[in-house]
Amino acid sequence: MNIIIIGATSGIGNGLLKKYAAPGNKIAIVGRRKTILKEIEASYSPTVITFAADITHPDETMSAIKYFKTQMATINMAIVCAGTGDLNPQLDFSIENQTLQTNIIGWTYAIGHLYNILHQQGFGHIIAITSIGGLRGEPQAPAYSASKAYQINYMEAIRKKAYQEGSRVCITDIRPGLVNTRMAKGENLFWVMPVEKVVCQILKAIRQKRSKAYITKRWHVLAIINKHLPYSLYKRL
């Protein structure tokens, strides 16, 4: 199986890389940190190939995907894990802008470009790591929660597009809760999940070709409560 992972040098993306880097698979990974990419490629050679690119620069993402296409006859699966988000209660625009450039501009280019490639080849599976944080607006990280809401709706739009076009491209939206990575920020965090457990449940959702999945299962319960909680109560939390 030929797999592209955008954002695989740390966190969930790196965990997925480790699981998929097995005989018979070809893994192409994109990340910003060249040193880490070289280390990964050396550790998993010849299974893994790498390309350094910053997702906030669509031309670099395009170059990476073009390079991978020269190394792979087809792409069976594309996983987009790249994302960012910082606490920003003071609404510093430089912080918000970085989140928007990564989670909306760069992310949208990657998802759209990959969908067109898989649709043209006639099959494939696109997986995006969004977040339960996209279900409601959070004042501690406004751009992050808003950008994740955008991603959730964009994935639904692409899924509907695939259905209406009769496309054989499967679309999966993975919505984790808090995971023990550098993205888990703030005080009094609860239900912070180990990466290994999260990755195992993501793999199961991918195998089942789920349209969306809350990770881990306990976060699904909280997601239902969160979505239906009246604003008059939600604003007090």
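The values are calculated or read from the model by the stated rules, or taken from the named source; none is laboratory data. Note that this is a predicted model, so its numbers are computed, not measured. We place every Cβ from the backbone using ideal geometry, glycine too, and count neighbours over all the protein chains shown. Side chains included, ligands, DNA and RNA excluded: accessible areas come from the protein's heavy atoms. Shrake-Rupley method; radii C 1.70, N 1.55, O 1.52, S 1.80 Å.
Mind checking which residues of the range 15-43 are buried (at least 19 other Cβ atoms within 10 Å of the Cβ), in a helix (DSSP H, G or I) and in contact (Cβ under 8 Å) with a residue 24 or more places away in the chain? Listed by number, the residues that qualify are Gly15, Leu16, Leu17, Leu37, Ile40.
Table: residues versus (1) within 21 Å of Ile5 (Cα to Cα); (2) open to solvent by 60 Å² or more (accessible area, probe 1.4 Å).
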| residue | (1), (2) |
| --- | --- |
| Tyr144 | no, no |
| Arg168 | yes, yes |
| Thr172 | yes, no |
| Ile202 | yes, no |
| Gln208 | yes, yes |
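The residues of the range 70-111 that are open to solvent by less than 20 Å² (accessible area, probe 1.4 Å), of a type in the set (A, V, I, L, M, F, W, C) and part of a helix (DSSP H, G or I), listed by number, are Trp107, Ala110, Ile111.
Consider Thr61 carefully, then state whether it is touching a residue at least 24 places away in the same chain (Cβ under 8 Å) and assigned to a loop (DSSP other than H, G, I, E, B). When the stated conditions are applied, Thr61 does not pass them. As a summary of the residue check, Pro46 satisfies the conditions (1) outside any helix (DSSP H, G or I); (2) open to solvent by less than 40 Å² (accessible area, probe 1.4 Å) except for the one numbered (2). Residues in the range 99-107 include none that are in contact with a Cys (Cβ under 7 Å, 6 or more places away or on another chain) and either under 25 Å from Cys200 (Cα atoms) or modelled with pLDDT of 95 or more (or both).
If the condition is being part of a helix (DSSP H, G or I) and among the β-branched types (Val, Ile, Thr), then the range 194-234 contributes Val195, Val198, Val199, Ile202, Ile206, Val221, Ile224, Ile225. Among all residues of the range 119-141, there is none that is under 25 Å from Gly24 (Cα atoms), open to solvent by less than 40 Å² (accessible area, probe 1.4 Å), modelled with pLDDT of 95 or more and in a helix (DSSP H, G or I).
In summary, Tyr163 fulfils each of the numbered conditions (1) modelled with pLDDT of 95 or more; (2) among the aromatic types (Phe, Trp, Tyr); (3) in contact with a helix residue (DSSP H, G or I) (Cβ under 9 Å, 6 or more places away or on another chain) with the single exception of condition (3).
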